[in-house]
Amino acid sequence: MKIKISGGDGRFAYEGLDRVIHERARLSVLTSLITNPKGLIFNDLKQLCSLTDGNLSRHLRVLDTVGMVEILKGHNRNRPQTICRITPAGRIRYLEYLATLEQVVKDAVNGTKEESAATVTRGLTPSQV
């Protein structure tokens, strides 16, 4: 395994690890929404993600600003109701993020296997390997 230390693109830079998604609370929100394509009521989403009203609102604002979620305000039995839904662009961006995350896991597993093999063969003569 070659690791390029200086300059150029890093082998393990993972440009696809989207900083907007990679934050724990936003990852939780998007995971909840992608598994509920029709959307979730704000309070249900808050409960699923273990967030406070203010915290969820702040993260939804970030995701709404970049076009990953849509926030629909309406009424149900004369009571205000907010429904949150992932957008088609948000779904694509989330799935691209997951593909990159899968590559991170594969690289880590392969790196661990290579390291284990090197540890086993370290100190052996060529005829023993």
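Table for the structure above
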| item | result |
| --- | --- |
| Selection status of GLY67, within 24 Å of TYR14 (Cα to Cα), at pLDDT 95 or above and assigned to a loop (DSSP other than H, G, I, E, B) | yes |
| Residue within the stretch 78-91 that is part of a strand (DSSP E or B) and without any contact (Cβ under 8 Å) to a residue 24 or more places away in the chain present | yes |
| Criterion (within 24 Å of VAL20 (Cβ to Cβ) and modelled with pLDDT under 95) met by exactly one of LYS113, LYS106, LYS46 | LYS106 |
| Whichever residue in the stretch 74-103 is among the basic types (Lys, Arg) and modelled with pLDDT of 95 or more and, among such residues, is surrounded by the most Cβ atoms within 10 Å (Cβ to Cβ) | ARG93 |
| The stretch 32-47 residues that are in a strand (DSSP E or B) and crowded, with 18+ Cβ neighbours inside 10 Å, paired with ones that are at pLDDT 95 or above and hydroxyl-bearing (Ser, Thr, Tyr) (beta carbon under 9 Å, 6 or more apart) | LEU40/SER32 |
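The values are calculated or read from the model by the stated rules, or taken from the named source; none is laboratory data. Quick caveat: nothing in here was measured; it's all calculated off a predicted structure. When we count neighbours, we look across all protein chains shown, and the Cβ atoms used for this are built from the backbone with ideal geometry, even at glycine.
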